[in-house]
Amino acid sequence: MGRPLALVTGASSGIGLDLAGAFARAGHDVALVANTPLSRQRELAAEIAASLDRAVAAGPARDGRAAPPAPRIVGYEADVADAASVARLAAAVHADLGTVDVLVNNAGIWTTTVPGVTPLAEFDRLVDVNLRGPYYVCHHFLPPMLARGRGNLIFVGSVSGLAGDPHSAAYSATKAGVAMLARTFAATLGPQGIRVNAIAPGAVATPLTAGLRTPEGEAAIEAMMKSHPSPTRRFFMEPSEISALALFLASEASSALHGAVLVADQGLSATLPR
């Protein structure tokens, strides 16, 4: 058997790029997908491959034994909100790398949405990327997985989808939808050999949250931390902490988890009213 294949959407920065590197280091072939120029995605794939080569070179001597073949790491450009773009992506990935073993729906965008104020086009774009996107991706990548009778779907949602987030009506609604996609897909696909789970991160230090890492944002966070139950006394997590959870969900160590939404927020939601 060859290496398992992981596909990660939104893999041009932040959590998605870290996920791609983590799966490659764990021994997976990786397809990095993002709505950025193909040349950039190929650069990112090459950077991950080069980092793996450096790690091998810096590792212990192999006593004359040949190093195992390097993972295949390939970058792709696609807009998950465009069903035709996702169809072309699936055709390319299946031709280049084969059937996906671990499908990580990570792509997402965020903007503030104020009821009665935010243009409807902004609401529609959030729905298209955050909710239609993962459905389109599953629609086009699931058939070979179902034919084979095994696979693993991981959705990246948000704690904003579990509790109301002021001025984020569209984002919160779409991320609530992502959690429900994971649960309903689990109920439907489990008997066919497909395991499905989701991760709901809190604040992660990525370009998506850069607006919070300002003097004004830091002041608000400092005030919030007075009642935040984080045992590490951190508000922002690192992308690698989310990647570690995804690797766990993709492993046999998490075989009992199916239809779960893992909340990873340093305990923030534990203090929110239910």
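Bear in mind that the values in this text are calculations on the coordinates, not laboratory data. Quick caveat: nothing in here was measured; it's all calculated off a predicted structure. Neighbour counts are summed over all protein chains in view; Cβ atoms, including those assigned to glycine, are modelled from backbone coordinates with ideal geometry.
Brief remarks on what is shown
- Distance between modelled label sites at ALA46 and SER230, nm, 7 Å Cα→Cβ extension: 3.7 nm
- Residue of THR214, THR99, THR36 that the Gaussian network model of the chain assigns the largest fluctuation, springs spanning Cα pairs under 10 Å: THR214
- Springs join every pair of Cα atoms under 10 Å in this Gaussian network model of the chain, and among ALA57, ALA24, ALA78 the largest mean-square fluctuation is at ALA57.
- Within the chain: Cβ-based charge dipole about Cα centre, in debye rounded to nearest 20 (Lys, Arg +1; Asp, Glu -1): 620 debye
- Highest-fluctuation residue, ARG233, ARG150, ARG40 considered, GNM on the chain with Cα pairs under 10 Å: ARG233
- Inter-part distance, region 38-52 to region 157-195, computed on C-alpha centroids, equals 30 Å.
- Given their separation in residues at 0.36 nm each and the Cα-Cα distance between them, ARG125 and ALA253 gain 42.4 nm when the chain is fully extended.
- Helix content alone sets the calculated 222 nm mean residue ellipticity of the chain: runs of n ≥ 4 DSSP H residues at -39500 (n - 2.57) each, divided across all residues, give -13500 deg cm²/dmol.
- Charged neighbours of GLU77, selected by a Cβ distance under 13 Å, balance to 0 (K, R count +1; D, E count -1).
- The relative contact order of the chain, computed from alpha carbon pairs under 8 Å that lie at least 6 residues apart in sequence, is 19 percent.
- Treating r as the C-beta distance of LEU38 and ALA219 and R0 as 51 Å, the FRET efficiency rounds to 0.80.
- Added length on full extension, which subtracts the Cα-Cα distance from 0.36 nm per residue, ALA95 to THR209: 37.5 nm
- Potential extension, THR184-GLU241 segment - 0.36 nm per residue separation minus Cα distance: 17.9 nm
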